[in-house]
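In what follows, a structure is listed as structure tokens, so that the remarks can point back to it.
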Amino acid sequence: MKFWKDLILSSCRESGSSVVSVTILKERFRRKGTVPYCLNTVFHDMLSKRELCSDVLLKDHGKTGVYGLNLWTVGQLIKTPLVWSYETVRAITGFVTFNESDSYIVKSIAVEHIKIIENVVATHNLQNKTMKYEDFLFILFQSSNITRNGVDPPIIFLEREKRLTTKTVIIDDTKTFLIKFASIDGIAQPITSIEKSIYEIEQRENRLMEDITSIEHDISQTMEKVRQHIQNGQKQMAKTLLKKKHILEKSMQFKITALDTLQGILQKIHNCQSDKNVIKAYQLGTDALKNVLKTSGITIEQLDNTVTEMKYVLEQHNEMLSMISAVPIDDIDELELELELGDLIDMKLTESNIDKHNISTPALVPPVENRPSNAHDFDTEIEK
């Protein structure tokens, strides 16, 4: 049993589809003209263990929706859990023994395809971007081995989980199926009329660019023909083609002007979205600051009182410093001190028999050993 289950999973991965049937698997596993006859038993076991679910919800039973699905069955799929029991399948299909041609969805493969699709969306930055369903399939088929037959189950499951949203619109009398994926860990929002308008403008922008490229190619070919006619001496034909060239250039200039206008409109729309985000950020910041001030208990009145009190305290402190600096430390005159000091020096010089006019003469200073011991320190200071 494990061997056949692993083989079925491996076959689904290689084929790029989670939708299988006994008939399909018999042909895939045919070897030397022999097919396995145990697949019915394997399918019964996988159904009983909730490893398979019926694809009856993917079949077209008349009036179909955007995926080619029956509207009732789509509703049932959206309302029904991803994991189905064997009894649920039996209740929907109405029988216990199934036909070998009946198709079933391998749950584990569908989950793998869901992860692949989400990785492709993240890699190509397709979150919250409205795009044509066929354009997304083109990107998906280039980035993975999921086939057209295998893309429907994961897409429907993603829509059921609100990871993507879809909408059918009429553009230029043509029914177009739009799809938009949710952001990372987000929920897909419905496609708005603004997003639909942006998509239409982008499509017209692409068509204008294609038209301009085509006209440039026509102008190049026309000039080549003009040169050939000039070489062949066919001046009238060359003149006619030159008129055609001027007409093409005027048409191209008109389309270039229209393209510039559309691109300017798109840029303004995107700028509005950016401005909206900036304003939202401002609002969030303002609300946060209000909450912080409210939580801290700081008010204008409280701040005003605090500042007034601080000014009063600082004025008192400055006044105290002024009063302290104004108090005299002593009342002694510095000039009197200097005069008294000079008199003392003169008296000491007289006692030591030193002429104060010859203080700077080293010869008049007696040797250190001949000086009185009690005048040693003072005489040393005088010599210095």
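The values are calculated or read from the model by the stated rules, or taken from the named source; none is laboratory data. This is a predicted model, so every value here is computed, not measured. When we count neighbours, we look across all protein chains shown, and the Cβ atoms used for this are built from the backbone with ideal geometry, even at glycine. When the accessible area is computed, the model is the full protein with side chains, heavy atoms only, and any ligands, DNA or RNA have been set aside. Shrake-Rupley method; radii C 1.70, N 1.55, O 1.52, S 1.80 Å.
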Restricting to lysines and to Cα separations under 22 Å from K129, and discarding same-chain partners fewer than 8 apart, the set is K115, K162, K167, K175, K180, K196, K268, K276, K280
Simple spin-label estimate for A288 and R13 in nanometres, 7 Å along Cα-Cβ: 4.5 nm
Given H placed on each backbone N at 1.01 Å, which residues far from K129 in sequence or on other chains put an amide H within less than 5 Å of it? F181
FRET efficiency estimate (nearest 0.05) - Cβ-Cβ, D45 to D173, R0 51 angstrom: 0.50
Give the relative contact order (percent, whole number) for region 194-342; include only Cα pairs under 8 Å separated by 6+ residues. 21 percent
K2: which aspartates and glutamates have alpha carbons under 18 Å from its alpha carbon, excluding same-chain residues fewer than 8 sequence positions away? D45, E51
Going residue by residue through region 281-286, the Karplus relation 6.51 cos²θ - 1.76 cosθ + 1.60 with θ = phi - 60° gives ³J(HN,Hα) values, rounded to whole Hz and with x marking Gly or Pro, of 5, 4, 4, 4, x, 5
When the Karplus curve 6.51 cos²θ - 1.76 cosθ + 1.60 is applied with θ = phi - 60°, which whole-Hz ³J(HN,Hα) does each residue of region 219-226 get, with x for Gly and Pro? 4, 4, 5, 5, 5, 5, 5, 4
Could you check the simple spin-label distance between S108 and C272, using points 7 Å along Cα→Cβ, in nm with one decimal? 5.1 nm
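Over region 194-342, with the other protein chains present, what is the accessible area per residue in square angstrom, probe 1.4 angstrom?
Details: 12340 Å² over 149 residues.
Roughly 83 Å² per residue, with all protein chains present.
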Calculated FRET efficiency, R227 and I187, Cβ-Cβ r, R0 56 Å, to nearest 0.05? 0.35
If r is the Cβ-Cβ distance from R204 to T308 and R0 is 51 Å, what FRET efficiency results, to the nearest 0.05? 0.15
Among all the lysines, which ones have a C-alpha under 26 Å from K225's C-alpha, if same-chain residues fewer than 8 places away are not counted? K235, K239, K243, K244, K245, K250, K255
What percent does the relative contact order of region 196-261 come to when contacts are Cα pairs within less than 8 Å and at least six residues apart? 40 percent
What distance in nm separates the two pseudo spin-label positions at A281 and Q236, each 7 Å out from Cα along the beta-carbon direction? 6.9 nm
